[in-house]
Amino acid sequence: EDTSLKRKVALKFLSEYLQRDEVARKRFLREAQSAAALDHPYICHIHEVGEADGKHFIVMEYVKGQTLKEKLQEGPVPLKQTLQIGMEIAEALEEAHKAGIAHRDLKPANIMLTSGGHVKVMDFGLAKKVVDEDGTEQDITSALTREGTTLGTIAYMSPEQLRGKTVDTRSDIF
C-alpha cells in the first residue's frame, strides 16, 4: 500500500541473486525508465524506483485481474474479446513505438487483463530504445548485456531476434 496516497501498488523486486549483480541492477532501472517514459491507459504505470535495505524495487500501478496467459489457460477466448484485446495491445505498442521503444519480450505472461476487461502491457525489462532524437539507434540494454547473447522468451521471439540480429518495432508485431 502506498501510504502517502492511500492506494494499492505492486512492487517488483530483483531476486536475491541479482541484487548483487551491478549489470542486473542497471537493467532493472532501465526497465523502470522505459515504462515510465510511456503514458498510456494500456501500459502499466511506473510510480517510482527505490532501494530499501539493499533491495532494489520498482513501484508500479496495481492491476487487478489476470494475465493473458492465465486467461488462455481457461480455454478459448470469444472472438469479440480476442479482437478487443488485440486492438488494445496494438494501441499500447503504437504508443511505445512512437516513443521509439520496442518491448522485445511481448508474450501472454506480460499482458494483464484488468477486472474491467482492458489490457495493461507490463514488463519492459528488455525494452530497446529504437531511435533517439538525432535519428540514431540507441539500445538501452546493449551495454547491460553480454555480447552475443539473445534476450527474450524463445517461443515469442521474432526470427531476427532469435538469430541475434538487430531488432526494431517490427519484432513486437511479430
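The distance between label points at HIS118 and GLN66 comes to 2.1 nm (points 7 Å beyond Cα on the Cα→Cβ vector). Rolling a 1.4 Å probe across the protein heavy atoms gives segment 39-106 an accessible surface of 58 Å² per residue.
TYR62 exposes around 110 Å² of accessible area when a 1.4 Å probe is run over every protein chain in place.
Taking GluC sites (Glu not before Pro) across segment 1-103, the ones in a DSSP loop with at most 12 further Cβ atoms lying within 10 angstrom of their Cβ are GLU1, GLU74. Length gained on full extension, ARG20 to ALA109, computed as 0.36 nm times the residue gap minus the Cα-Cα distance: 29.4 nm.
Only protein heavy atoms count here; on that basis, with a 1.4 Å probe, ARG104 has an accessible area of about 30 Å². Per residue, the convex hull spanned by the Cα atoms of segment 24-82 amounts to 129 cubic angstrom. I need the calculated FRET efficiency for the pair ALA155 and LYS98, taking r as the beta carbon distance and R₀ as 30 Å, to the nearest 0.05. E(calc), rounded to 0.05, equals 0.65.
Remark: the VAL77-GLN33 segment gains 12.5 nm on full extension, using 0.36 nm per residue and subtracting the alpha carbon distance. For the pair MET87 and PHE13, a Förster radius of 35 Å applied to the C-beta separation gives a FRET efficiency near 0.60, rounded to the nearest 0.05.
The values are calculated or read from the model by the stated rules, or taken from the named source; none is laboratory data. Keep in mind it's a predicted model, so treat the numbers as computed, not measured. Virtual Cβ from ideal backbone geometry, glycine too; neighbours counted across all protein chains shown. Accessible surface areas use protein heavy atoms only, side chains included; no ligands, DNA or RNA. Shrake-Rupley method; radii C 1.70, N 1.55, O 1.52, S 1.80 Å.
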